[in-house]
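So the structure is just underneath, and the comments pick up after that.
The values are calculated or read from the model by the stated rules, or taken from the named source; none is laboratory data. Bear in mind the structure is a predicted one, so any value in this text is a computation, not a measurement. Cβ sites come from the backbone with ideal geometry, for glycine too, and all protein chains shown count toward neighbours. The area values use the complete protein model at the heavy-atom level, side chains included, leaving out ligands, DNA and RNA. Shrake-Rupley method; radii C 1.70, N 1.55, O 1.52, S 1.80 Å.
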Amino acid sequence: MPNTVFRGPVDRQPHTVTDRAVSGALLPCTGVFIGANLSQATSATGGRLALLGIRDYYVPLASSFYDDTDPLKVAYASGDGGVAYILEPGFIFQWAMAAGTYTRGQELTVGTAGRLRAATAGQIVVAHFDAAGALPVTMLDGVLADVSIANFYTK
């Protein structure tokens, strides 16, 4: 099964944290803080930011990536062991987006429910929009998009 959250570079694999439980019903591809557990991030500050991945070792063989059994659409149960990706500049991940219109290279920060949204002046930029295809693109809340992790900076 290909990795559906980490998109590249293909010559390196990201580090993960796998020894923490999630602190609620959290969806994959959303921002989390790494602490005693994995808790939902709602901003770029407040802890060590990571991206919640899927537990590909939990995925049943009959799962489909096109319906409600898609592991990217199934929330962790509170207390489940989680898989969180450590963010490194230049890595490309699929991340759930807040509703909005985005263009390639647009600066993004963490918002409600761990989703990325457009960064405004004074906010910490954690990634840049990197989706392929016709741009700009209008996205619904929670839709996944490719983003390139930034070396965090204040806009």
Inset, instruction - Please label the shape of segment 84-129 as rounded, prolate or oblate, based on the square roots a ≥ b ≥ c of the eigenvalues of the alpha-carbon gyration tensor (a/c under 1.5 means rounded; beyond that, a/b larger than b/c means prolate, else oblate). - result: rounded
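Could you tell me the calculated FRET efficiency between Thr103 and Ala75, based on Cβ-Cβ distance and R0 = 22 angstrom, to the nearest 0.05? Could you put the intermediate results ahead of the total?
Values: r = 30 Å, r/R0 = 1.35.
E(calc), rounded to 0.05, equals 0.15.
What number in nm² do you get for the chain if you take the convex hull of its Cα atoms and divide its surface by four? Please list the in-between numbers first.
On the way: hull surface 35.6 nm².
Orientation-averaged projected area of the Cα hull: 8.9 nm².
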Inset, instruction - Between the alpha-carbon centers of segment 4-43 and segment 75-111, tell me the distance in whole angstrom. - result: 8
Inset, instruction - Report Lys73's accessible area, 1.4 Å probe, all protein chains in place, as a number in Å² to the nearest 10. - result: 110
Inset, instruction - Tally the DSSP beta bridges in the chain and give the antiparallel ones as a percent, rounded to 5. - result: 95
Inset, instruction - Starting from the Cα gyration tensor of segment 95-155, multiply each eigenvalue by 5, take the square root, and state the resulting semi-axes largest first in whole Å. - result: 17, 13, 10
